[in-house]
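See below for the structure under consideration.
A short reminder: the numbers here are calculations on the coordinates, not readings from a lab. Being a predicted model, the structure only gives us computed values, none of them experimental. Cβ: placed from backbone, ideal geometry, glycine included. Neighbour counts: every protein chain shown.
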Amino acid sequence: MKKNIPLALVFCIFTMTSCKKDSASAGSPAPTPTTGKCKPLAEPGSISFGYLPHTYSYHADGTMESISSPPNETVVTNFSITRSSPSSLGIPEVYNTETTEYNADIFTSLPTLAKVSITIDGITQVDYWEYQYTYDSKSRLIKVVESTPHLTTDLEYMLTISYSDQDNVTLLTLENTTGPRTPVFIPATGYDDKPGPYSAIKNPQLFIVGNGWGGEPSLIFEALSKNNPLGFDFDLNHFKRTMVYTYNDNGYPITRTNTNTNLSGTVTFAESYTYQCE
C-alpha cells in the first residue's frame, strides 16, 4: 500500500482543511526578538481540521526524544525515527510502525540516505521506501528523491527546493520520476523576519515533515525555512493559503491564523504553540 504519491497528494490541503498543522500572514507588530532560543513543547491541534495535538520532549542534551500525538507516538534516536499507531486490527497491544534508519547521526550530521521499514498488523516489509537527500554549500536541503526499491510498478517522485538569500524556501517543485513527469510548482508568497517554531532544532524536517515529502507543503516551508511563511499558492488547483502570526517575547510565533481559499470558497482556522525558551 503506497502513500505520498505527489500528484495524488494534490494535497489534503485542497479540501480546505489541514492534514496536521499549517502556517500564517503578517500579523500584528511583534516585540523585538531577544537572543534566547525556544524549542516547541506543544501544539494543541484541531481535530476538526484534521491535525492532532503534538507534544515534544527532549533529552538532557536538548536533542529531540519523542513526539506524542495520541494515539500516535514517535521515538527519536541518533540514527532512527520510529512512528507507531494503533493497528488496523483494533487490537490494543498491536501497533503499526514506520521505522526510518538514516546513514548519519541526525543530531549532529546531515543524512544523505534514509531507508524505511513498515510493520502493518504484524507483517514487516523491509526497505519499503528509500529517500536520498542532497544539500547545497550552505547545508540546506535542496532535493529529496523518493524510491520504492521492491515495488517496481509504483510511482516514485522527486522534490526540488529553492531558497532565498535569507534561507527561506521560495519554491517547491514536485514531479514524478516514474510515469507522467509533469512538474507541480508551489511558490511561497513571503516570510516574516522572526524565527520559525522549529528553528532551534537540528534537522527539524526529519521530525516535522518525516517521510511526507509529497504531502502537506506548509510543513516543508515551515521546517526548512529560517523565518515564518506568510503563505503559498498552488495555481493548478486555484488554491492559496495565507498565514498571520502573533509572537512571544523571543519573537517566536505563538498563534497562527490560516486562511485557505480556492474555487469552493474560504476557510480560516488557527494554530498555537508553546515553547521551552533559554
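Tabulated values for the structure
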item	result
Per-peptide average of other Cβ atoms within 10 Å, ordering 162-170, 128-136 highest first	128-136, 162-170
Cβ-defined net charge surrounding Q132, 10 Å radius [Lys, Arg +1; Asp, Glu -1]	-1
Pairs from K143/K226; K138/K240; K39/K240 whose Cα-Cα separation, in the structure shown, is over 27 Å	K138/K240; K39/K240
The range 36-190 - percent relative contact order, Cα under 8 Å, separation 6 or more	9
